[in-house]
1. Please give the number of the condition Ser137 fails out of (1) surrounded by fewer than 18 Cβ atoms within 10 Å (Cβ to Cβ); (2) assigned to a loop (DSSP other than H, G, I, E, B); (3) modelled with pLDDT of 95 or more; (4) among the small types (Gly, Ala, Ser).
2. Quickly run through region 142-190 and pick out the residues that are under 30 Å from Ile401 (Cα atoms) and part of a helix (DSSP H, G or I).
3. Go over the candidates Ile382, Ile390, Ile453 one by one and state the one that is over 23 Å from Glu43 (Cβ atoms) and surrounded by fewer than 18 Cβ atoms within 10 Å (Cβ to Cβ).
4. Starting from region 336-355, keep only residues that are in the same structural domain as Asn386 (by TED's automatic domain parsing), then list their pairs with residues that are basic (Lys, Arg) whose Cβ atoms are within a distance under 7 Å, requiring at least 6 positions of separation or different chains.
5. Would you kindly identify the helices (runs of 4 or more DSSP H) lying entirely within region 2-86 that contain at least 2 residues that are under 27 Å from the mean Cα position of the chain (by Cα), under 30 Å from Ala297 (Cβ atoms) and at pLDDT 50 or above?
6. List the residue pairs whose Cβ atoms are under 8 Å apart, where the first residue sits in region 136-152 and is without any contact (Cβ under 8 Å) to a residue 40 or more places away in the chain, the second is buried (at least 20 other Cβ atoms within 10 Å of the Cβ) and part of a loop (DSSP other than H, G, I, E, B), and the two are 6 or more positions apart or on different chains.
7. In the set Pro186, Pro176, Pro181, which member is more than 20 Å from Ile262 (Cα to Cα) and assigned by TED's automatic domain parsing to the domain that holds Tyr267?
8. Looking at region 90-131, what strands (runs of 3 or more DSSP E) fall wholly within it and have at least 1 residues that are loosely packed, with under 15 Cβ neighbours inside 10 Å and either in the same structural domain as Lys64 (by TED's automatic domain parsing) or β-branched (Val, Ile, Thr) (or both)?
Amino acid sequence: MKRTAALFLFLPLVLPFNLLAQAAAPAPVSVSRSAEDKRVYREAMEAADKKIQSEISAHSELMKNLEYLTTHIGSRLTGSPGMQKASQWTLQRFRDYGLDAHLESLEIPHAYNRGQDSAALVAPLARSVAIHALGWSKPTPGEVSGDVVIVTAKREEELGAEKSKLKGAVVLFGEPSKVPPDGDHPDNAYDAVIAPVRGVPEPGSENSSRQRRALLRAIAAEQPAAIIFDSGKTDNLFNMGGANLGARSQRYQASAAPMAFITHEDYALIARLAKAGAVSMKVNLTGTLSAGPAPAAITVAEIKGSELPDERVIIGGHLDSWDLGTGALDNGTGAMAVLEAARALKALGWKPRRTLTFILFTGEEQGSVGASTFLKNHEAEIPKINALLIHDTGTGRVFSIALENLWATAPLMNEIYQPLQEVFDLEPLSSRYFGSSDHVPFLRRGVPSYFCIQKPAHYREAHHSQTDTFDKVLPDEINQGAAVLAAWMWNVSQMPPPLPHHETTPEPAE
């Protein structure tokens, strides 16, 4: 299935580590533990995990916190006042629960302020078109008009004769998306947004995101009036992404040309008209960037370890969101599940062997800059980060955890995971690689880092769209996710040997 235009900017975070990990997967590490040691550990962890489950079932404050976050704070674009307010509020919530907590600050080059965008078909028929600029898009110089040109090339060198038509044109970037048909039921929330690859990949497909960025640069160099993307969703739902997020040096900078999404229905209509004859449109994108750098922060809270305080076990979720909805499923659910896990573990009053660290990241939607900030700030401590688990695909129940190609950790992870399977009725550990969240920078630094696999639960529709709102949240299912996070964290903290680190991998080339 064809990925939406928003997602190709996301793929550089995924493929390079995936390919390297597959090529260099080490043999599992032999951990010398007697059958009796394993039995004692399993029974102790099952008992603890049941108590965590009961604590959250009886006393959860997750929904109360999530309602406040999405209703009274709202959307949380990185660098925005809403995101800053959310960071301060979560800092106080961790402290209210009795945890040591602090903010770790960073700056982004520019914040983005969304304007009132508009578009319309002018000929061969007159019709208004709903439109939203990509984040950090260059604005248009007022209302601009141009002929519609569909770019069907997939690589810069394939532009050919299309190139001469681009100056001043309203460019449709690619053929209309192939929207999943009715009755399509993906296995998990990740697959609901990024369809799994089927069969043998096309030659060079591992470089497709880089090729698309090069193609976009070539189109922008021809000075089109605007570049328009298909949202790739049903029912007039929008998508959202960043205009310059593929290359690290361009994040949080204005794009080289104005860029925007329209709904799949409008995109397909305009494409059909353009194939039948001349089409013209007018577009007005009015978003602005801050004049200078904007502040941002991640929220970090801890319960100190009693025996191995310099070793960390981390659970995390990103607090930032896109701004068409209120960031409920992406990723208020994950962030508030982390907060609830912290509340529950503190309320139980247990003393973990290793330090428990809870992180609410910023900037995940723009290349995981919050995760990179934590790693930079704690460079010397990276070898002592025992493991990390991320919750980032909505409200659906967690039914597995992805090993993320970390085969050397499988023996210990199976021990850690078995009590969770029993208590939460989970499927076996997943052997698939998912990536695509704040754990990827940790993976590149050699840290055992894992990803929650969740049921779809409206995620395809809500992801990055205007329907990402509090009413879509399933209380029982997201509370189950919080309990899984807390139980996994406790089990890792109590496991006698640490999970093995792996070789570091380089940042992907831009």
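The values are calculated or read from the model by the stated rules, or taken from the named source; none is laboratory data. Everything numeric in this text was worked out from a predicted model, so none of it was measured. Cβ atoms come from the backbone with ideal geometry, glycine included; neighbour counts cover every protein chain shown.
1. With (1) surrounded by fewer than 18 Cβ atoms within 10 Å (Cβ to Cβ); (2) assigned to a loop (DSSP other than H, G, I, E, B); (3) modelled with pLDDT of 95 or more; (4) among the small types (Gly, Ala, Ser) applied to Ser137, the lone miss is (1).
2. Ala189, Tyr190
3. Being over 23 Å from Glu43 (Cβ atoms) and surrounded by fewer than 18 Cβ atoms within 10 Å (Cβ to Cβ) holds for just one of Ile382, Ile390, Ile453, which is Ile382.
4. Listed pairs, sorted by first residue: Leu339/Arg93; Leu348/Lys51; Arg354/Arg312; Thr355/Lys304; Thr355/Arg312.
5. Where helices (runs of 4 or more DSSP H) fall fully within region 2-86 and carry at least 2 residues being under 27 Å from the mean Cα position of the chain (by Cα), under 30 Å from Ala297 (Cβ atoms) and at pLDDT 50 or above, they are 35-59, 62-67.
6. That search, which allows pairs on different chains as well, returns Thr152/Gly174.
7. On the way: Pro176 fails: more than 20 Å from Ile262 (Cα to Cα); Pro181 fails: more than 20 Å from Ile262 (Cα to Cα).
Result of the check over Pro186, Pro176, Pro181: Pro186.
8. Ranges flagged: 100-108.
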